[in-house]
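**Q** Structure below; questions to follow.
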Amino acid sequence: MEMSIEAVLLQLFALFLLAKLFGMVCERLGISAVIGEISAGILVATTIPLSVLGLGPDISLFNILGLDQDISFFEILSELGVIFLLFAVGLETPFSELRKVGMTATLVAVLGVILPFFAGFALILGFGHGQTEALFIGAAMVATSVGITARVISDMSLMQSVEARVIIGAAVIDDVLGMIVLAIVVGVASGGNTGILDIILVSASGIAFVLAVIFIGSIMMPHARRRVEDRRNRRTGDDQEEDILCVEKKKPVLSPLPLALLICFGLSFVASYVGLAAIIGAFLAGMAFAEFKDKWPCEHDFNSINEFLVPFFFIYTGMLVDISSFGDVLFLAILVTILAVATKVIGCGLGALKMGKKTSTIIGVGMVPRGEVGIIVASIGFSLQVVSQDMFSVVVFMSMATTIIAPFLLIWAFRRKYGECKLPEQPA
């Protein structure tokens, strides 16, 4: 049945309004707006059992808004939302930053990826689930949403602390490693093979794609840019004046936003075409474009787009959560959450142990929140039909719980070292 434009506009209005209202309430409570947007989606999909109370047939906003007739439009909106979200994350992680992080931050990131992945993989296998599903849960536990941590640190005026610098540096490496892990897992799931040789081949192709984009984006493109700028700088006299006049007369052929969109869509398509997740291409496209944001700034424009599109991803994610399944998997969800916290605190903490126990605890806790990244990984597995409804709910529970818990743990860890006073700014 074809949807009318009036019905679509009503759906857009209602869903966007709910997402923003729930998001604002959570922000007022000091919780990430992501939690509110997912909660709004859960509310939309929840059936109110009026028949049990003798008040009429069961109802839900999902049916009232006509989403039961055709939800494909919102599936596309949610996919675009997560693609743009990962592009924006990439914009904050230029390739050149990878070379600036120290050995401590690198070790923190590596151990913070290895320990959660294998612990999550082993736990899910131990509960009798398949290898591919266990791989996705392990990959979801690898993720770190450092934005939550950065907000807490900023509110405490501790952004210049050594812990903050290590956490932010480790987050850069963590993002890249997380995308490589996701590329491998998606490749294995798409191929349907989990033999050792197949996993090695898929791993090699996923890593090769990521490294190829990094090489082009961080070495070839900046090198080409420097050569062009050097050629321009060598021009003198009348030629230079003529160029200036030409520049004044001509309008830019392509503004930063369309160029960024082209790169984002192009690499997302290539990643999807070679059997990887489209968000991997989007993330790498953001990293590549970040190298030129001094010349082509587009963060403000992308933030405006994300303000509209990204909430639809999280509200759609909430719609996929079956709260009735929580009762069946609540024990496993709590166990996965405890493991998610412990493996990050221990793994990342070990990487920073030489800096002292209190400092290493702060860094470990700072890498705990999974936020939107863990949910994105699980949603990809769910869309590939290799992650069950129950396990999807487990990951959503874990991601929301770690996002809520982490700020309180981080404040405790900082006060344990620095006391109630704010740390004075240190030179970078």
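**Q** Within the range 321-335, can one find any residue that is acidic (Asp, Glu) and surrounded by 22 or more Cβ atoms within 10 Å (Cβ to Cβ)?
**A** The answer is no; no qualifying residue exists.
**Q** Being of a type in the set (A, V, I, L, M, F, W, C) and buried (at least 19 other Cβ atoms within 10 Å of the Cβ) is the filter here, so list the residues in the range 336-347 that pass it.
**A** Val336, Ala340, Val341, Val345
**Q** Residue under question is Phe302, and the condition is that it be over 20 Å from Val142 (Cβ atoms), aromatic (Phe, Trp, Tyr) and modelled with pLDDT of 90 or more; does it hold?
**A** Judged against the criteria, Phe302 is not a match.
**Q** With the requirement that a residue be polar (S, T, N, Q) and not in a helix (DSSP H, G or I), what does the range 255-289 give you?
**A** Ser255
**Q** Of all residues in the range 11-54, which are over 24 Å from the mean Cα position of the chain (by Cα), at pLDDT 90 or above and exposed (fewer than 15 other Cβ atoms within 10 Å of the Cβ)?
**A** If the condition is that a residue be over 24 Å from the mean Cα position of the chain (by Cα), at pLDDT 90 or above and exposed (fewer than 15 other Cβ atoms within 10 Å of the Cβ), then Phe13 is the only one that fits.
**Q** Taking the condition of being aromatic (Phe, Trp, Tyr) and under 17 Å from the mean Cα position of the chain (by Cα), how many residues in the range 96-119 meet it?
**A** We begin by selecting, within the range 96-119, every residue aromatic (Phe, Trp, Tyr); these are 117-118.
Next, only the ones that are under 17 Å from the mean Cα position of the chain (by Cα) stay: 117.
Looking only at that region, the number is 1.
**Q** Right, here's the next one. In the range 72-89, which residue that is modelled with pLDDT of 85 or more and of a type in the set (Val, Ile, Thr) is farthest from the chain's Cα centre (by Cα)?
**A** Going through the qualifying residues, I end up with Ile76.
**Q** Could you please find all residues in the range 1-36 being farther than 18 Å from Ile375 by Cβ, among the aliphatic types (A, V, I, L, M) and in a loop (DSSP other than H, G, I, E, B)?
**A** Answer for the range 1-36, where residues must be farther than 18 Å from Ile375 by Cβ, among the aliphatic types (A, V, I, L, M) and in a loop (DSSP other than H, G, I, E, B): Met1, Met3, Leu29.
**Q** Among the residues of the range 25-42, what is the count of those that are without any contact (Cβ under 8 Å) to a residue 40 or more places away in the chain and of a type outside the set (A, V, I, L, M)?
**A** Residues meeting the conditions: 4.
**Q** State which residue is farthest from Gln389 (Cα to Cα) when the search covers only the range 127-161 and only residues that are polar (S, T, N, Q), in a helix (DSSP H, G or I) and in contact (Cβ under 8 Å) with a residue 12 or more places away in the chain.
**A** Thr149
**Q** Considering (1) surrounded by fewer than 18 Cβ atoms within 10 Å (Cβ to Cβ); (2) at pLDDT below 90, say which one Glu92 fails and leave the rest.
**A** (1)
**Q** Among the residues of the range 360-414, which ones are acidic (Asp, Glu) and farther than 17 Å from Leu335 by Cα? Step through it out loud before you land on a result.
**A** Filtering the range 360-414 down to residues acidic (Asp, Glu) leaves 372, 390.
Matches in the range 360-414: Glu372 only.
**Q** Residue check: is Ile363 closer than 25 Å to Leu409 by Cβ, in contact with an Asp or Glu (Cβ under 6 Å, 6 or more places away or on another chain) and at pLDDT 85 or above?
**A** Considered against the rule, which asks whether it is closer than 25 Å to Leu409 by Cβ, in contact with an Asp or Glu (Cβ under 6 Å, 6 or more places away or on another chain) and at pLDDT 85 or above, Ile363 comes out as yes.
**Q** Among the residues of the range 290-323, how many are of a type in the set (Asp, Glu) and in a helix (DSSP H, G or I)? Walk me through how you get there before you give the answer.
**A** Initial filter on the range 290-323 (of a type in the set (Asp, Glu)): 291, 294, 299, 301, 307, 322.
Next, only the ones that are in a helix (DSSP H, G or I) stay: 299, 301, 307.
Looking only at that region, the number is 3.
**Q** Output yes when any residue across the range 367-387 is more than 20 Å from the chain's Cα centre (by Cα), part of a helix (DSSP H, G or I) and farther than 22 Å from Met159 by Cβ, and no when none is.
**A** No, there is no match, as no residue in the range 367-387 is more than 20 Å from the chain's Cα centre (by Cα), part of a helix (DSSP H, G or I) and farther than 22 Å from Met159 by Cβ.
**Q** If you don't mind, another one. Test of understanding: among Gly366, Gly351, Gly381, Gly356, which residue is of a type in the set (Gly, Ala, Ser) and free of Cβ contacts under 8 Å to residues at least 60 places away in the same chain?
**A** Values: Gly366 fails: free of Cβ contacts under 8 Å to residues at least 60 places away in the same chain; Gly351 fails: free of Cβ contacts under 8 Å to residues at least 60 places away in the same chain; Gly381 fails: free of Cβ contacts under 8 Å to residues at least 60 places away in the same chain.
Selected residue: Gly356, the only one of Gly366, Gly351, Gly381, Gly356 that is of a type in the set (Gly, Ala, Ser) and free of Cβ contacts under 8 Å to residues at least 60 places away in the same chain.
**Q** Turning to a different aspect of this structure: Which residue is surrounded by the fewest Cβ atoms within 10 Å (Cβ to Cβ), if the candidates are limited to the range 130-169 and must be at pLDDT below 85, of a type in the set (A, V, I, L, M) and under 19 Å from the mean Cα position of the chain (by Cα)?
**A** Within the range 130-169, the match that is surrounded by the fewest Cβ atoms within 10 Å (Cβ to Cβ) is Ala150.
**Q** Every residue in the range 388-409 that is more than 26 Å from Phe136 (Cα to Cα) and either free of Cβ contacts under 8 Å to residues at least 24 places away in the same chain or under 20 Å from the mean Cα position of the chain (by Cα) (or both), please.
**A** Here is the first cut: in the range 388-409, the residues more than 26 Å from Phe136 (Cα to Cα) are 408-409.
The answer is Phe408, and nothing else.
The values are calculated or read from the model by the stated rules, or taken from the named source; none is laboratory data. Note that the structure is a prediction, hence the values are computed from the model and not measured. Using ideal geometry, Cβ is built from the backbone for each residue, glycine included, and neighbour counts are taken over all protein chains shown.
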